[in-house]
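**Q** Here it is, the structure, as structure tokens.
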Amino acid sequence: MTTTERLPEIRTTLRDRIENAEHFAVGLAGRFGIPALRITLALTFLWFGALKITNDTPVGEFVANTVNWIPGVEGFWFVPVLGVIEVALGAALLANKGLRVVRPILFAHLAGTFLALITQPDVTFQDGNLFMLTTEGEFVIKNLILLSAIMVIYGRKRIR
């Protein structure tokens, strides 16, 4: 190349930079999003389950009162047993093993939490107003997000 020849000028606009950054972020999310979702779900179930097993959960009485109406089910043993189940489900998610069985159990477990809205409306809603949740009500409603996460993980697995 002679001194009179010039290299083509490379120009990147702000829009190009934004598109490149977005492309990079989408690639990372596509690669790591599902595993991150599975691992964070696992850690949540392990943590919440362990608190139930050791009777250190702040929602023990709330959970117990949700099922006390079922004949033969007593909250004093149900909460720790539920904790053991949650720890087992969390461990399976973390190990990425047995998910064909684990996912439907997770879904059923989380769907069952909505029973509290029916059995304890005085505890989950403020003054009976269905749009005004209490702390316990919010605790239950957030499970919609966990249910959606399980559907995403399950749906992604089935696609492959």
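The values are calculated or read from the model by the stated rules, or taken from the named source; none is laboratory data. What you see is a predicted model, and the numbers here were worked out from it, not measured in a lab. Cβ: placed from backbone, ideal geometry, glycine included. Neighbour counts: every protein chain shown. Protein only, heavy atoms only, side chains kept; ligands, DNA and RNA dropped before computing areas. Shrake-Rupley method; radii C 1.70, N 1.55, O 1.52, S 1.80 Å.
**Q** Against the longest alpha carbon principal axis of the chain, how many degrees, from 0 to 90 and to the nearest 10, is the axis of helix 75-95 turned?
**A** 20 degrees
**Q** Right, next: Running a GNM on the chain with Cα contacts under 10 Å, which residue among V63, V26, V101 ends up with the highest mean-square fluctuation?
**A** Evaluated over the chain, the most mobile residue of the options is V26.
**Q** Taking 0.36 nm per residue of sequence separation and subtracting the Cα-Cα distance, how much length would be gained by fully extending the chain between R156 and V84, in nm to one decimal?
**A** 23.2 nm
**Q** For a quick check, take a GNM of the chain with Cα springs below 10 Å and name the residue from I145, I70, I53 with the largest mean-square fluctuation.
**A** Per the Cα network of the chain with a 10 Å cutoff, I70 tops the list.
**Q** What nm distance separates the two modelled labels at T119 and V101, each placed 7 Å from Cα along Cα→Cβ?
**A** Distance between label points: 2.6 nm.
**Q** Could you compute the FRET efficiency for D127 and T44, with r as their C-beta to C-beta distance and R0 at 30 Å, rounded to 0.05?
**A** Using R0 = 30 Å, I get an efficiency of 0.45.
**Q** Set the Förster distance to 35 Å, then compute FRET efficiency between A91 and N68 from the Cβ-Cβ distance, nearest 0.05.
**A** It comes out at approximately 0.80.
**Q** Roughly how many percent of the accessible protein surface of the chain is carbon and sulfur, given a 1.4 Å probe and a whole-percent answer?
**A** 65 percent
**Q** Given a 10 angstrom Cα cut-off, can you work out which residue in R31, R15, R103 is the most mobile in a GNM of the chain?
**A** Among R31, R15, R103, the largest mean-square fluctuation in the Gaussian network model of the chain belongs to R15.
**Q** Now for a different question. Over the chain, calculate the relative contact order: mean separation of alpha carbon pairs under 8 Å at least 6 apart, over the residue count, as a percent.
**A** 21 percent
**Q** For M151, M132, give the ranking by accessible area with the largest first, probe 1.4 Å.
**A** Listed by decreasing accessible area, they come as M151, M132.
**Q** Taking the Cα centre of the chain as the origin and placing charges on Cβ (Lys, Arg +1; Asp, Glu -1), which of A108, A91, L14 is farthest toward the positive end of the dipole?
**A** Value: L14.
**Q** In Å², and per residue, what accessible area does the chain have when probed at 1.4 Å with the other protein chains present?
**A** 69 Å²
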